[in-house]
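Written out below as structure tokens is the structure these notes cover.
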Amino acid sequence: MKNTRILPFALLALFALLPVLAAAQASEFRLPRYEKVKLKNGLTVYLMEQHEVPLVYVTAVFPAGAVHDGNQAGLAFLTAEALTFGTKKFTKDQIEEQVDFLGASLNAYATTEAAYVASSFAAADADVMLPLLEQVITAPGFDAREVTKRRARLLAELKQAKEKPREVIGAYFAKFLYNDHPYGNPVMGTPEAAAALQAADVQRFYAAHYHPEEAALAVVGDFDMRKMRGKIRKLFGDWQSPGPEAVAAAATSNRDASMPSQRKVLLINKPDATETTFQIGGLGIARNNEDYVAVQVVNTILGGRFTSWLNDELRVNAGLTYGAGSSFNAHRQAGSFAISTFTQTATTGQAVDLALKVYYRLLNEGPDAATLASAKNYIKGQFPPRYETSGQLATLLAEMFLYNFDESFINTFNQKVDALSPERVKEVTRKYFPRENLVFVLIGKADEIRDTVKQYGEITEKQIKEEGF
């Protein structure tokens with residue numbers, strides 16, 4: 001029988017794009033009011049009412065990402081996904097049927113540093129979906145058959161990914177940059193490591209890293225704050241850590257990531273490649289860095305928008321690529337910076353040289369006043385839409401917990417952007433954009449580009465089909 005509830009919910013989801021439109025249109029965007037409480041078991045809870053549409057979004061975050069994989073690459077990723085493979089009360093099929101019937105959503109995933117459980121549903125269905133979420137988070141069953149099936153699909157996905165260099169170059173770059181630091185761990189793992197993962201490994205990882213005192217739950221949407229607080233306390237208040245005897249996994253390394261002592265090049269040979277995909281960069285910043293906003297503005301000029309210097313020079317003016325950009329990937333302790341693009345095999349050297357020329361133009365000269373003003377206006381215009389929906393706000397609250405920053409990131413954003421002068425830009429680029437000992441990672445036909453790229457540093461070569469990254 002066709003579910004008639006799905007269409008109305010889908011329409012509501014479309015209207016969810018407007019929950020803080022009034023704030024977004026204001027000259028100074030501010031984070032809506034929220035409440036932060038800590039339950040007796042240590043679980044941090046964020047509650048934010050948004051009554052524009054009758055929807056509720058929940059995001060739970062745990063410090064259970066790939067940095068904890070150790071020698072079992074992909075374990076955090078598989079554990080996060082396996083949270084939805086059934087619980088002590090519900091089978092995987094029952095969970096999926098309930099979510100589909102309500103027109104809701106439920107998914108779990110891992111990143112480098114964290115694992116997330118995210119759900120959205122109609123406010124009227126909170127008393128059904130919240131207990132379901134409680135089971136997924138606190139009482140996963142980790143059905144061995146389901147874990148085995150997902151592992152098989154994961155193996156196929158990992159093998160297929162290496163056929164698409166743009167999908168895997170980020171993993172190669174992180175591993176080459178961070179070396180043996182946990183930030184270099186590939187989130188999805190490797191085929192070789194994933195093939196050995198078992199349900200028992202998933203259970204141990206969960207016991208070691210999913211604890212209420214280290215987790216946060218963000219609830220945003222159409223509800224009464226007092227009533228929702230009571231529901232969360234009732235559902236999650238009795239959740240306890242498994243005890244120290246169950247915590248067997250090693251903690252994340254706290255040592256600092258360090259830049260290479262010289263320029264270095266990783267050349268990954270893909271014999272059938274017709275183009276070269278490459279990244280150039282080095283260490284960046286932590287997410288809670290006080291200059292995070294300033295760095296984003298400067299990067300907007302370099303490669304953070306379609307009209308950036310990199311895209312203008314490499315795509316529009318030189319016709320070497322269909323797209324070029326740059327980005328900072330910020331973690332809790334450190335981060336990375338990378339210029340990314342692709343080009344035909346024959347123009348590899350030309351594209352790398354031009355990317356470097358543009359980059360050093362930023363470092364040595366910086367933007368003029370008009371270019372800086374344009375970037376500032378652009379990023380201020382793009383900022384509010386990132387936090388318009390209740391789902392985006394729930395994710396923001398979870399990330400505030402994970403990365404240890406507060407609402408001042410939102411509430412002082414425009415002031416920080418406006419305060420960025422050309423002189424301050426030079427200070428930011430000098431302090432945070434790597435200049436020396438850059439890391440180069442290229443995927444392409446090695447025999448045709450080896451002599452070209454050896455000028456950039458000492459070369460390490462790999463075959464794209466070989467184990468790991």
Rounded Å value of the spacing that divides the Cα centres of the stretch 146-195 and the stretch 441-469: 19 Å
Paramagnetic reach from Asp93 (point 7 Å along Cα→Cβ, amide N under 14 Å) across the stretch 142-185: 146
Protein accessible area in the stretch 35-237, 1.4 Å probe - carbon and sulfur %: 50 percent
Spacing of the two label points (7 Å from each Cα toward its C-beta) at Glu427 and Val316, in nm: 3.1 nm
Area of Asp406 that stays accessible when all protein chains are in place (1.4 Å probe, Å², to 10): 80 Å²
For the chain, share of DSSP beta bridges that run antiparallel, in % to the nearest 5: 70 percent
Among Gly366, Ile169, Leu235 the positive-end extreme of the charge dipole of the chain (Cβ point charges): Leu235
Positive-pole candidate from His209, Ala60, Val117, dipole of the stretch 35-237, charges at beta carbon: His209
Stretch gain in nm, segment Gln350-Gln463, where the contour uses 0.36 nm per residue and the Cα spacing is subtracted: 38.3 nm
Dipole moment magnitude, nearest 20 debye, the chain about Cα centre, only Lys, Arg, Asp, Glu C-beta charged: 160 debye
Point-charge dipole on Cβ atoms (K/R +1, D/E -1) for the stretch 35-237, about Cα centre, debye to 20: 360 debye
Size of charge dipole - the stretch 338-441 - debye, nearest 20, with Cβ of Lys, Arg +1 and Asp, Glu -1, no other charges: 220 debye
30 Å tail of the calculated P(r), the stretch 264-463, as % of Cα pairs: 27 percent
Ile169 accessible area, assembled protein chains, probe 1.4 Å, Å²: 10 Å²
CD proxy at 222 nm, helix term only [per DSSP H run n ≥ 4: -39500 (n - 2.57); per residue of the chain; nearest 500]: -12000 deg cm²/dmol
For the chain: span of alpha carbons on each principal axis (Å, largest first): 63, 54, 47
Ordering of 105-116, 451-462 by burial proxy (mean other Cβ atoms within 10 Å per residue, highest first): 105-116, 451-462
Qualifying lysines (Cα of each under 16 Å from Cα of Lys92; at least 8 residues distant if same chain): Lys149
Heavy atoms of His51 accessible to a 1.4 Å probe, total area in Å² rounded to 10: 100 Å²
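The values are calculated or read from the model by the stated rules, or taken from the named source; none is laboratory data. Computed from a prediction, not measured in an experiment: that's the story for all the values here. No Cβ is skipped: glycine too gets one built from the backbone with ideal geometry, and neighbour counts run over all protein chains shown. Please note that ligands, DNA and RNA were not included when accessible areas were found on the heavy atoms of the full protein model with its side chains. Shrake-Rupley method; radii C 1.70, N 1.55, O 1.52, S 1.80 Å.
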